[in-house]
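Working notes, beginning with the structure itself.
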Amino acid sequence: MFRYNVKLALKSMRRNLILTALMIAAIAVGIGISMTTMTVYYMMNGNPIPAKSDVLFAVTMDSWSPLRPFNDDKPERAPHQVTYHDAERLLALAEGKRQTAMFESSLIVEPVNEDELPFEAGARVATADFFTMFDVPFIYGSSWDQAADAAAEPVVVLTRQLNERLFGGEDSVGERLIMQGTHFQVAGVIDSWEPTPRFYDPINGAFQEINEMFVPYSLTLSLELGSTGSDWGWKAEEITSWEQWLNSESVWVQYYVELDSPRDRDAYVAHLDAYVEEQKRLGRFERPMNNNVYDVMEWMDYHEVVANDSKVLVGLSFLFLTVCLLSTIALLLTKFVGKKSETSLRRALGASRNIIFNQQIVEVAVIGFAGGLIGLLLAGLGLRGIQYLYEAPDGLVSLDWVMVLAAIGLAILSSMIAGLYPAWRVCKIPPAAQLKTQ
Amino acid sequence: MGFGPMMSALMRNKTGPALVALQIAVTLAIVINSLFIILQRVEKMNRDPGIDVNNVIITYVRGFGDDFDVVNSITNDIDLIKSIPGVVAATVSNHVPLSGSGSGTGLRTVPDETIESVGTGRYQWSEEGLDALGIELTRGRNFYPEEVYYELPETVMDTPSVLVTQDLADSLFGDEDALGKTVYWGDMEPSTIVGIIGHMHGSWVNWDKLGHVVIHPGKPAYTTNKYIIRVEPGMRDELMPIIEQKLGESNRRRVIKSNRSLEELADRSYRRDRGMAIILSVVITLLIGLTALVIVGLSSFHVTQRRKQIGTRRALGARRMDIIKQFMLENWLITTAGAALGVVLTIGVAYWLEVSFELERLDWRLLPAGIGTLWVLSSLAVFEPARRAAAVPPAVATRSV
């Protein structure tokens with residue numbers, strides 16, 4: 001029966017080619033646009049580390065000016081980064097299961113041979129825990145160990161791309177490279193790792209990959225590694241040396257901890273409070289106690305990682321899809337009017353209302369399927385366009401299986417909803433009534 | 001001609017016309033709100049930055065190694081750049097306007113920490129800075145060369161003179177003349193306003209204080225040195241590789257991090273706005289195209305369906321003109337009903353955008369413009385089917401019975 005219905009549907013579609021083409025076009029454009037905007041939204045709103053997003057927490061402490069809040073529009077918020085020396089103290093206290101202080105920097109990779117050119121590489125300065133906390137995959141070697149953190153050893157973990165550039169993709173563990181006049185030893189090479197959004201640093205860009213290597217946080221002091229990310233200050237301090245900068249009230253270090261349970265979360269905030277209490281006695285942290293930890297998704301919300309433009313586009317594109325469905329209903333109705341006599345004849349020859357109804361629904365489902373397929377192609381094009389417009393890295397926005405199935409499903413479902421009323425109208429055509437007028 | 005046959009046709013099949021009207025309504029809501037967003041973004045991108053954007057080259061260099069002398073490097077680089085024919089002026093700067101990367105500070109008119117400061121972008125460059133960006137000083141004076149010194153990390157800031165934009169001056173001093181007045185930095189160090197810039201944009205194009213800029217004299221000698229270079233009109237693309245090559249050859253202990261036109265940097269800063277405007281333009285083009293095609297398709301079909309009615313009317317004496325009028329008027333009625341509903345929907349969507357996303361309030365003038373366009377477009381869409389309807393010969397009425 002289904003195959004017969006499909007056959008009838010194809011036949012009927014051929015008979016009214018223009019109307020059929022219009023319906024397919026309407027559904028295709030609607031699906032194409034809404035899938036394009038949905039994919040971008042889905043990417044921005046995605047969970048970058050589903051296995052651990054509820055045990056990883058960004059830490060904030062209110063060390064800001066006693067006179068005014070960090071953010072005038074959201075006075076309840078503490079600064080989104082911490083000072084260098086507070087990060088140092090938290091690392092030393094080590095009250096989480098794992099913890100890392102970190103920031104963006106960049107280093108000059110100096111040539112070993114005369115004919116090579118030096119170049120600058122983006123570096124993430126972090127502790128050994130960074131790799132285990134964030135499930136970073138390695139292809140060669142491993143993270144440096146905690147002893148290297150403690151002794152501020154010049155070790156480096158390379159990304160696959162930088163290892164490709166420097167060592168032709170070979171296993172480079174143990175190799176050396178010169179940066180800041182210092183010999184660094186390669187501890188490991190990580191595989192492609194591009195969590196989207198870049199949850200560990202939404203402050204300096206949630207959708208761009210800028211790290212080419214990782215070096216120990218403890219080198220900050222000795223090698224004077226400066227942050228290339230944002231820094232914020234409130235206090236008028238005389239800063240004429242590296243030590244003064246590190247001891248200043250400027251906030252420029254990001255701090256993440258791993259905690260196993262909600263109880264640990266409360267306990268950790270209590271630890272933070274105790275630390276701040278101690279600092280208050282030293283005359284720092286003059287604002288009311290305001291220490292918080294945010295899990296990964298809370299941290300993404302905090303930074304409004306999903307752009308408003310993206311939400312507006314999703315809203316408008318679904319209105320667009322509504323227009324496409326209204327078009328489809330109007331076109332279907334029109335088409336069925338033209339089929340009155342055929343339907344009358346089928347009814348007169350014994351086809352029940354059910355059979356006629358099913359046949360109509362199969363016909364719109366076929367149209368929906370065709371529209372969905374073309375819509376997917378359009379969405380693919382749309383995403384390429386968006387990637388070009390926003391200079392997004394390759395592969396950042398692409399259709400995955402979930403979105404492909406969603407697109408086809410949405411196309412068939414919405415066209416069937418659009419087909420319900422016209423199909424019902426067709427069923428009400430009385431048998432033979434239409435035949436008389438011919 | 002009476003409304004009779006038309007109304008009876010419309011009333012006989014209410015759902016079809018109602019659907020078209022609804023489609024027109026939603027189309028109007030999307031088109032007007034999208035158009036409003038597009039216009040706003042275009043207006044934002046077209047703001048005058050007060051800078052000679054097209055003739056400026058920005059070069060970032062960074063030295064390395066223990067023996068690297070940053071002051072020497074900057075001095076030699078600037079001399080080298082200025083020796084290239086076609087270069088008008090060059091300076092080292094702490095940041096580059098319109099680039100998205102910058103420094104902000106707060107200024108006060110009285111040295112009192114409890115008073116809210118006025119937020120502003122902050123630049124530090126030499127006496128050639130204004131010329132290197134093509135910025136116009138409207139009143140007062142530029143920096144004297146003797147006020148300009150190298151700012152190393154260990155330098156204690158000493159800033160007797162500053163330049164401010166008129167926009168910042170207004171925010172600080174209101175109606176009073178700011179020239180010659182004193183402003184206080186975060187550390188309460190005073191500076192005298194020696195010159196006023198009519199207008200220039202700072203670094204962050206999305207900041208509401210983009211027009212607030214304070215400039216203090218100096219040559220920042222940090223890890224990364226940012227050079228701002230202005231060239232003779234039309235010579236930019238020719239000079240960019242030459243500058244890069246000459247800088248590269250002159251010192252191997254230094255990396256040229258990037259060498260770009262200011263135009264490119266500014267374009268990048270407006271990338272999101274341009275992207276949004278283009279996406280919405282595509283959306284409304286597709287939408288209008290689709291709605292027009294559907295109207296054409298439906299009207300053509302109705303003409304075929306109603307050949308008999310048309311033939312009968314023709315046989316009873318209706319002229320071709322009357323038939324065309326009937327179809328046009330019918331379509332006009334549907335469009336107008338749709339537009340009326342569309343106005344309500346448009347305002348609803350505009351309200352949602354305004355409340356949820358802090359977008360500006362819709363410019364109401366777009367509504368009549370949108371409805372007018374809709375009338376024209378839908379009339380165009382229905383004209384050809386109507387003309388074909390008018391071509392139905394009166395005899396059709398008699399033949400098929």
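If you count Lys pairs in chain A whose Cα atoms are under 18 Å apart, skipping same-chain pairs closer than 8 places in sequence, the total is 13. Cβ under 15 Å from B:G348's Cβ, B:G348 left aside: what net charge do those residues give with Lys, Arg +1 and Asp, Glu -1? Surrounding charge for B:G348 is 0. Between 0 and 90 degrees, the angle of helix A:2-15 with respect to the longest Cα principal axis of chain A falls at about 80 degrees. With chain B treated as a Gaussian network of Cα nodes joined by springs under 10 Å, which of B:V214, B:V42, B:V164 yields the largest mean-square fluctuation? For chain B, modelled as a Gaussian network with Cα springs under 10 Å, the answer is B:V42.
Can you give the local net charge around B:N55? Use residues other than it whose beta-carbon is closer than 14 angstrom to its beta-carbon, Lys and Arg +1, Asp and Glu -1.
Numbers: positive: B:R230, B:R236, B:R260; negative: B:D52, B:D131, B:E232, B:D237, B:E238, B:E263, B:E264.
Once all neighbours under 14 Å are counted, the net charge is -4.
Rounded to the nearest 10 degrees, the inclination of helix B:271-305 to the longest alpha-carbon principal axis of chain B is 10 degrees. Computed on the Cα trace of chain A, the radius of gyration divided by the Kirkwood hydrodynamic radius gives Rg/Rh = 1.18. Can you give the log10 of the normalised intensity I(q)/I(0) at q = 0.05, 0.06 Å⁻¹, computed with Debye over equal Cα scatterers of the protein assembly as shown? Debye intensities relative to I(0), on a log10 scale: -0.40, -0.55. Taking amide H as placed 1.01 Å from N in the peptide plane, the amide H of A:A126 sits under 5 Å from that of A:V215, A:Y217, each at least 5 places away or on another chain. Under the combined filter of DSSP loop state and at most 13 neighbouring Cβ atoms within 10 Å, segment B:122-158 retains these GluC sites (Glu not before Pro): B:E136, B:E154.
D for segment A:154-232, whole µm²/s, Stokes-Einstein with Kirkwood Rh over alpha-carbon pairs at 4 °C and 1.567 mPa s: what number?
Details: Rh = 13.8 Å.
Stokes-Einstein gives a translational diffusion coefficient of 94 µm²/s.
Around the amide H of B:G140, modelled in the peptide plane, lie the amide H atoms of B:I196, all under 5 Å away and 5 or more residues distant in sequence or on another chain. Helix B:320-357 axis versus longest C-alpha principal axis of chain B: approximately 40°, rounded to the nearest ten. P(r) for segment B:69-252, from all Cα pairs and a bin width of 5 Å, is 1, 8, 16, 20, 20, 16, 9, 6, 3, 1, 0 %, short bins first.
Give, as a single signed number, the net charge of other residues whose beta carbon lies under 13 Å from the beta carbon of A:E164, with Lys and Arg counted +1 and Asp and Glu -1. Don't jump to the answer; show the numbers that get you there.
Numbers: positive: A:R160, A:R165; negative: A:E170, A:D171, A:D191, A:E212.
So the surrounding residues net to -2.
Assign one of three labels to segment A:272-368, namely rounded, prolate or oblate, based on the Cα gyration tensor with a ≥ b ≥ c the square roots of its eigenvalues; rounded applies when a/c is under 1.5, prolate when it is not and a/b is larger than b/c, and oblate otherwise. Cα axes put segment A:272-368 in the prolate bin. The alpha-carbon of B:K209 sits under 17 angstrom from the alpha-carbons of these lysines, leaving out residues fewer than 8 places away in its chain: B:K44. Once backbone amide H atoms are built at 1.01 Å from N, B:T165 has B:I197, B:V213 as its partners under 5 Å, excluding neighbours fewer than 5 places away on the same chain. Rounded if a/c is under 1.5, else prolate if a/b is larger than b/c, else oblate: which is chain B, with a ≥ b ≥ c the root eigenvalues of its Cα gyration tensor? In terms of gyration-tensor shape, prolate. Principal axis analysis of the Cα atoms in segment B:186-245 yields extents of 45, 27, 25 Å, listed in decreasing size.
Bridging of B:K325 to lysines at a Cα separation below 24 Å is possible for B:K14, B:K308, once same-chain residues fewer than 8 apart are set aside. The phi torsions of segment A:185-200, fed into the Karplus equation with coefficients 6.51, -1.76 and 1.60 and a -60° offset, translate into couplings of 9, 6, 9, x, 10, 8, 6, 3, 9, 10, x, 10, x, 6, 4, 6 Hz, rounded to whole numbers, with Gly and Pro shown as x.
Here the 3J(HN,Hα) profile of segment A:224-239, calculated from phi with Karplus coefficients 6.51, -1.76 and 1.60 at θ = phi - 60°, is 6, 6, x, 7, 9, x, 8, 10, 10, x, 10, 9, 7, 10, 7, 10 Hz, Gly and Pro shown as x. Counting only DSSP beta bridges whose two residues both lie in segment B:69-252, roughly 60 percent are antiparallel. Between segment A:39-93 and segment B:306-339, the C-alpha centres lie 67 angstrom from each other. A simple rule links phi to the HN-Hα coupling: the Karplus curve 6.51 cos²θ - 1.76 cosθ + 1.60 with θ = phi - 60°, which for segment A:32-44 gives x, 6, 5, 5, 4, 5, 5, 4, 5, 4, 4, 5, 5 Hz, with x for Gly and Pro.
Considering helices alone, the calculated mean residue ellipticity of the protein assembly as shown at 222 nm is -16500 deg cm²/dmol, with DSSP H runs of length four and up weighted by -39500 (n - 2.57) and normalised per residue.
Bridgeable aspartates and glutamates around B:K246 (alpha carbons under 20 Å apart, same-chain partners fewer than 8 residues away excluded): A:E114, A:D115, A:E116, A:E120, B:D69, B:D77, B:D79, B:E232, B:D237, B:E238.
Pull out a ≥ b ≥ c, the square roots of the eigenvalues of the alpha-carbon gyration tensor of segment A:56-302, then state rounded if a/c is under 1.5, prolate if not and a/b is larger than b/c, and oblate in the remaining case. Here segment A:56-302 falls in the prolate category. For the pair segment B:75-101 / segment A:260-330, the C-alpha centres are spaced 42 Å from each other.
Just so you know, all these numbers are worked out from the coordinates, no wet-lab data involved. The structure displayed is predicted, hence computed values, not measured ones. Here Cβ is always computed from backbone atoms with ideal geometry, including for glycine, and neighbour counts include all displayed protein chains.
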